[in-house]
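Input: a single structure, listed below in structure tokens.
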Amino acid sequence: MLNRKRADRTPNHHHDTSLIARGTRIRGDVRFSGTLHLDGHIEGSVLADEDGAVFTLSEHGIVQGEIRVPHAVINGHVHGDVHVAERLELAPEARITGDVHYHTLEMAAGAQVNGRMSHTVAAAPRELPAPSLVAEVVPA
């Protein structure tokens, strides 16, 4: 699990990557699609606009607010709740103060979470089977 190549661990996307560089501070919510790599500081929520979006927080990055994304790799500081619908990877320098909600989790030695860890299960579709269209034979 930990020995797989990085390309195997993140979903394959054909979108551009956005970078928020070290030394950049953003106040307000950030919405993105594709991939967002954060080396800077966000004071606000980080929200993905699509199902395949990936959020990467480097060891220099800080988020003060909620994170709601389908895929995340966290190696920096988060002060707020983290909601990851699909796969969450916590790298050795990850420091989270808040609750973490995830579907699949990979946590490296050294990563720290000060809050509740909650595994979420995708809701199974609740559909009734279609009525059978079998003709009844009535004896004459």
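Please treat every number below as a calculation from the coordinates, not as lab data. Note that the coordinates shown come from a computational prediction; the quantities given were computed from them, not determined experimentally. FYI the Cβ positions are ideal-geometry reconstructions off the backbone, even for glycines, and counts take in every protein chain you see.
What size of dipole, in debye to the nearest 20, comes out for the stretch 6-111 about its Cα centre when the only charges are +1 on Lys and Arg C-beta atoms and -1 on Asp and Glu C-beta atoms? Numbers along the way, then the final one.
Values: 9 positive and 16 negative charges, 53 e Å.
Approximately 260 debye in magnitude.
With a/c under 1.5 counting as rounded, go ahead and sort the stretch 6-111 into rounded, prolate or oblate using the C-alpha gyration tensor (a ≥ b ≥ c being the square roots of the eigenvalues; past the cut-off, prolate if a/b is larger than b/c, else oblate). Since a/c stays below 1.5, the shape of the stretch 6-111 is classed as rounded.
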